[in-house]
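For reference, the structure discussed in these notes is given below.
The values are calculated or read from the model by the stated rules, or taken from the named source; none is laboratory data. Please read all numbers here as calculations on a predicted model, not as lab measurements. Neighbour counts are summed over all protein chains in view; Cβ atoms, including those assigned to glycine, are modelled from backbone coordinates with ideal geometry.
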Amino acid sequence: MTEPKSSHLTNPHDRFFRHFLGHPQRARAFIRTYLPPDLVAHLELDTLQVEQTSFVDPDLRSHQGDLLFRVALKTGGDAYLYFLFEHKSYPDPYVVWQMLRYMVRIWERVWRKEKRLVPVVPSVVYHGDRPWTEPKALVELVNAPEAVRAYVPDFQYLFYDLTAIEDDTLRANVMLAAGLLLMKYIRQPALRERLGEIVTLIGEMVAAGSGVEAAVALLRYVAEAGRYVTEDELREAVNALPKGGEVMATIAQRWLEQGLQQGLQQGIQQGMRDGMVKALLALLRVRFGPEEAQLEDIRSRLAQVENIEQLEALHITAAQVDDWAAFEQALNEIVGSAGEH
């Protein structure tokens with residue numbers, strides 16, 4: 001999978017947006033489903049590719065994310081599709097002004113490389129707490145007489161308020177349903193009511209043999225940003241699946257792989273071990289909801305483990321056992337009992 005990389009992905013909303021819609025297959029599904037049909041008719045979507053960059057101002061990165069795609073046009077040449085993700089809890093009246101700056105940066109980037117201008121189609125995806133009532137055309141922001149307004153750059157952006165789109169519409173595409181519903185409800189108390197459906201959709205993705213990375217991202221997004229859902233409720237929803245244990249085992253393996261990858265990228269054995277320990281503690285939180293004191297005890301015991309194979313065995317065990325006591329028993333067998341450290 002090709003996924004955008006950026007050094008500023010510290011906001012869970014931004015990280016999930018870029019991971020979920022940055023996947024070319026899901027991006028194509030979103031474009032086909034939600035962009036205007038007359039626009040889509042001109043796009044060779046099989047050529048869609050994500051650009052590994054961001055144009056958001058550094059001081060706005062805490063509440064904005066973006067994705068840029070390049071796509072061939074059926075009439076020849078190509079175009080760019082630019083998605084700005086607004087994850088503030090309230091509308092920003094100056095988004096259209098910010099969008100113009102980002103579009104100019106895209107044109108400058110293309111000009112430096114190719115000495116030409118290409119179409120840039122701007123879109124805003126929003127999921128805040130309040131309805132969007134802000135200007136969608138730049139000329140609306142400029143206070144000027146009619147004769148002067150003719151000289152103001154005039155453009156509009158496509159707009160998608162996920163909180164205002166009906167659930168049935170968001171469910172229209174199976175590949176997108178879980179992610180879009182989650183982005184819609186992540187800030188709302190109603191997430192608790194929708195969690196079972198969302199987790200079921202995640203389970204279906206995994207059971208079908210695809211979407212494991214997306215499933216990991218979805219569950220992490222709930223754990224990190226779903227302030228109206230507790231870890232206990234998330235764990236119960238996953239375990240309520242017909243094959244909840246198998247789903248968690250599959251996801252746990254991918255968490256393990258990501259922990260290993262993170263360690264390898266850091267280039268040191270300690271980084272690999274730390275990544276695996278962090279992933280294991282996250283998995284324990286989701287599966288069993290232990291007290292912080294219990295987690296601290298586990299963390300201190302894991303600090304003694306330097307053998308990567310032992311940590312891998314603990315990951316697999318955490319995904320397969322039925323309760324916290326069974327995990328502690330396995331931990332004692334692999335690491336030694338609490339009284340020995």
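Counting only residues that are in a loop (DSSP other than H, G, I, E, B) and among the aliphatic types (A, V, I, L, M), region 116-157 holds 6 of them. The number of residues in region 284-307 that are at pLDDT below 80 and under 14 Å from Ala223 (Cβ atoms) comes to 1.
Based on this model, can you work out whether Ala79 counts as under 20 Å from Phe159 (Cα atoms), over 23 Å from the mean Cα position of the chain (by Cα) and in a strand (DSSP E or B)? For Ala79, the condition - under 20 Å from Phe159 (Cα atoms), over 23 Å from the mean Cα position of the chain (by Cα) and in a strand (DSSP E or B) - is met. Against the conditions (1) more than 26 Å from His42 (Cα to Cα); (2) touching a His at 6+ places or on another chain (Cβ under 7 Å), where does Lys74 fall short? Just the number, please. Condition not satisfied by Lys74: (1). Scanning region 273-302 for residues that are among the small types (Gly, Ala, Ser) and either in contact with an Asp or Glu (Cβ under 6 Å, 6 or more places away or on another chain) or touching a residue at least 12 places away in the same chain (Cβ under 8 Å) (or both) yields Gly275, Ala279, Ala282, Gly289, Ser300.
Going by what's in this entry, would Asp92 be described as outside any loop (DSSP other than H, G, I, E, B), in the same structural domain as Gly226 (by TED's automatic domain parsing), acidic (Asp, Glu) and in contact (Cβ under 8 Å) with a residue 12 or more places away in the chain? So Asp92 fails the test.
Restricting attention to region 162-175 and to residues that are part of a helix (DSSP H, G or I) and modelled with pLDDT of 90 or more, the residue that is surrounded by the most Cβ atoms within 10 Å (Cβ to Cβ) turns out to be Leu170.
Does any residue of region 143-161 turn out to be β-branched (Val, Ile, Thr) and surrounded by 16 or more Cβ atoms within 10 Å (Cβ to Cβ)? Within region 143-161, not a single residue is β-branched (Val, Ile, Thr) and surrounded by 16 or more Cβ atoms within 10 Å (Cβ to Cβ).
Scanning region 52-62 for residues that are of a type outside the set (Ser, Thr, Tyr), part of a loop (DSSP other than H, G, I, E, B) and surrounded by fewer than 17 Cβ atoms within 10 Å (Cβ to Cβ) gives Gln52, Asp57.
Selection of first residues in region 121-149 that are closer than 19 Å to Leu170 by Cα and of second residues that are assigned to a helix (DSSP H, G or I) and at pLDDT below 90, restricted to Cβ pairs under 9 Å at least 6 apart or on distinct chains, gives the following pairs, ordered by first then second residue: His127/His13.
For region 203-233, taking the residues that are farther than 18 Å from His13 by Cα and in contact with a Leu (Cβ under 7 Å, 6 or more places away or on another chain), the one that is modelled with the highest pLDDT is identified as Glu233.
Let's see how each residue does on (1) modelled with pLDDT of 95 or more; (2) crowded, with 17+ Cβ neighbours inside 10 Å; (3) not acidic (Asp, Glu):
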| position | (1), (2), (3) |
| --- | --- |
| Gln64 | no, yes, yes |
| Ala72 | yes, yes, yes |
| Phe83 | yes, yes, yes |
| Asp92 | no, yes, no |
| Met103 | yes, yes, yes |
| Pro119 | yes, no, yes |
| Pro122 | yes, yes, yes |
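You will find that of Asp66, Asp38, the residue that is assigned by TED's automatic domain parsing to the domain that holds Lys113 and part of a helix (DSSP H, G or I) is Asp38 and no other. Filtering Val152, Val142, Val121, Val125 for residues that are closer than 24 Å to Ala214 by Cα and not charged (D, E, K, R) leaves a single hit, Val125. Return the pairs, sorted by first residue and then second, in which the second residue is modelled with pLDDT under 60, the first residue lies in region 236-247 and is crowded, with 19+ Cβ neighbours inside 10 Å, the beta carbons are less than 6 Å apart, and the residues are 6+ apart or on different chains. Close Cβ pairs (under 6 Å, with a partner that is modelled with pLDDT under 60) amount to Val238/Gly244.
Please go through region 10-28 and pick out each residue that is assigned to a loop (DSSP other than H, G, I, E, B) and within 15 Å of Val71 (Cα to Cα). The answer is Gly22, His23.
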